[in-house]
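First the structure, in the form of structure tokens, and then the observations on it.
The values are calculated or read from the model by the stated rules, or taken from the named source; none is laboratory data. Bear in mind that the values here come from a model prediction, so they are computed numbers and not experimental data. When we count neighbours, we look across all protein chains shown, and the Cβ atoms used for this are built from the backbone with ideal geometry, even at glycine.
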């Protein structure tokens, strides 16, 4: 089974209960954390819709796979094997919750294509028929809108709602209704053709994701459907089913819905020649103290953390070559799409990210994104391939192309990777000019996207290890890159071995909030996972004082070839002999791999 299939097949709430973990607060919290015991028994939040968990005490979270890895101390591969079970992907999950409903998605002839399954506690999974049973993933499945045969034969309005339950509710009243699987934000271009030439009325849920979803669907169907209208439900109800439930007479409910459909406003796209709000802002504006005190920022201005990343602000991700800066930028985009934490920082609402990068071609990008759940990211992430002439913000035609992409995608965060591909001179004047050039092509004001800069760090000039705010001094072009951004993050190699996969994450500047604690992470599955037992004492020692593991140490522990040990046992003895940290010992095994042979999981020294 694939990673995504395993996660889908093991709903986090149901799996935890089957795993002996008590759920509290109506199933929204787990009574314990996989990492450690806490004084409170409600620190761990469970998001059944996103199928993830998060411990607010130790800033740890993730999927069911991450829980098992952290709790059991096993590898991701072993956790996936355990979760997949012995029956493979054609069997339902071992800890399946109670099925409360199923929704059939069929092709134009009524043949079943796939099925959405609803569980209690509220969780959704998708499965497809395989002739003898079910396959619990959607690999290779052609996506179709719900109740497709009725949509294709409809001569009147087709109502698009946000969920199969709502579609069934309206269909029971004699209306033609459809939806897409996956909920808000998951409309695909595959669905458009079924609505070609139809009179479409979108019925969004009464919340922000619902309004955003309605805009997405309207934009997708504009010019394809004969007309697109958006209906407004009364503010006192949540969705279409909730509205119908307010009536005791179904005939009256159908009549009132028909009136709302008739009064729905037609959707038209924004005029391309309209002047953006930024052009109408005064060049300078002053406020008295009371006006400043009473200012209330718009909803959604804080994207990540304690004001670590906010709309309209600049932030920096710095680090040495190869440490994982670009991966950290992608992790931010993934967090914005999924709502998962970003290096332990809370994501306050879903957001879209546009990555303007000059590092990796499409071949390399295809390998990196192969490890991620791309369908879940498609509506939230855009990444360019390296432009033929580089990140040429000094060329009007390049700036126009970027402006057009920003206007179409409307990102909440923009990342430029790397900075030295834009600012080719480290002089302060050139850096400031570069910032001005980038800002000129993106919106300004309260709704402006956050601007992220991926920048290199210099190698420290001495053996002294930089910590905390001092890390600002090793940013290349530190005068400007340290002063312009509101927040700065730095990734550091966890050991002297540049091929190691552990890194340390430090926020060394946050003008609008707390810095937060540093943390240790391992590059895994295209992103990062937390390292629980990181040796901070070894990491904090200056390079000249840090214990090392030599070739002779390995030879002594392994008795010059007369002794064999498992890797974990060998590392433990090397730590005891040299006082070196675990990452340093593992790095030594790589460094002296030519002298090590393995037989049946045991390592032997070969002089």
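Quick notes on this structure:
- Just one of the listed residues (598, 573) is buried (at least 16 other Cβ atoms within 10 Å of the Cβ) and more than 20 Å from residue 494 (Cβ to Cβ), and it is 573.
- Top-ranked residue of segment 8-27 - restricted to ones that are free of Cβ contacts under 8 Å to residues at least 24 places away in the same chain and touching a helix residue (DSSP H, G or I) at 6+ places or on another chain (Cβ under 9 Å), ranked as surrounded by the most Cβ atoms within 10 Å (Cβ to Cβ): 21
- Condition met for residue 445 (exposed (fewer than 15 other Cβ atoms within 10 Å of the Cβ), modelled with pLDDT under 80 and within 18 Å of residue 413 (Cα to Cα)): yes
- Selection status of residue 565, touching a residue at least 12 places away in the same chain (Cβ under 8 Å), within 18 Å of residue 500 (Cβ to Cβ) and touching a strand residue (DSSP E or B) at 6+ places or on another chain (Cβ under 8 Å): no
- Only listed residue being crowded, with 19+ Cβ neighbours inside 10 Å, assigned by TED's automatic domain parsing to the domain that holds residue 524, under 17 Å from the mean Cα position of the chain (by Cα) and under 27 Å from residue 307 (Cα atoms), chosen from 376, 413, 349: 413
- Within segment 246-305, being surrounded by 10 or more Cβ atoms within 10 Å (Cβ to Cβ) and at pLDDT below 75 holds for 276, 277, 278, 281, 297.
- For residue 317, the conditions (1) surrounded by 15 or more Cβ atoms within 10 Å (Cβ to Cβ); (2) modelled with pLDDT under 90; (3) at negative phi all hold with the exception of (2).
- Among strands (runs of 3 or more DSSP E) entirely within segment 552-607, having at least 1 residues that are within 26 Å of residue 537 (Cα to Cα), over 35 Å from the mean Cα position of the chain (by Cα) and modelled with pLDDT of 85 or more singles out 564-566.
- For segment 349-368, taking the residues that are at pLDDT 90 or above and not in a strand (DSSP E or B), the one that is farthest from residue 56 (Cα to Cα) is identified as 352.
- Scanning segment 28-62 for residues that are touching a residue at least 40 places away in the same chain (Cβ under 8 Å), buried (at least 17 other Cβ atoms within 10 Å of the Cβ) and farther than 18 Å from residue 344 by Cα returns a single hit, 48.
- Residue identified as more than 25 Å from the chain's Cα centre (by Cα) and part of a loop (DSSP other than H, G, I, E, B) among 131, 140, 185: 131
- Screening residue 534 with (1) surrounded by fewer than 16 Cβ atoms within 10 Å (Cβ to Cβ); (2) assigned to a loop (DSSP other than H, G, I, E, B); (3) under 32 Å from the mean Cα position of the chain (by Cα) gives one miss only, at (1).
- Scanning segment 372-390 for residues that are at pLDDT 85 or above and out of contact with any strand residue (DSSP E or B) (no Cβ under 6 Å at 6 or more places or on another chain) gives 372, 373, 374, 375, 376, 377, 378, 379, 380, 385, 386, 387.
- Taking segment 26-71 as the region of interest, the strands (runs of 3 or more DSSP E) fully inside it that hold 2 or more residues being more than 21 Å from residue 82 (Cα to Cα) and touching a strand residue (DSSP E or B) at 6+ places or on another chain (Cβ under 6 Å) are 44-47, 52-55.
- Condition met for residue 476 (over 27 Å from residue 586 (Cα atoms), at pLDDT below 85 and touching a strand residue (DSSP E or B) at 6+ places or on another chain (Cβ under 9 Å)): yes
- Scanning segment 115-131 for residues that are more than 15 Å from residue 183 (Cβ to Cβ) and out of contact with any helix residue (DSSP H, G or I) (no Cβ under 8 Å at 6 or more places or on another chain) yields 115, 120, 127, 128, 129, 131.
- Flag if residue 568 is touching a helix residue (DSSP H, G or I) at 6+ places or on another chain (Cβ under 8 Å) and surrounded by fewer than 20 Cβ atoms within 10 Å (Cβ to Cβ): no
- Every pair of residues 6+ apart whose Cβ atoms lie under 6 Å, when the first sits in segment 405-422 and is in contact (Cβ under 8 Å) with a residue 24 or more places away in the chain while the second is in a helix (DSSP H, G or I) and buried (at least 17 other Cβ atoms within 10 Å of the Cβ): 415/329; 417/326; 417/329; 422/434
- For residue 225: the one exception among (1) touching a strand residue (DSSP E or B) at 6+ places or on another chain (Cβ under 6 Å); (2) outside the structural domain of residue 256 (by TED's automatic domain parsing): (2)
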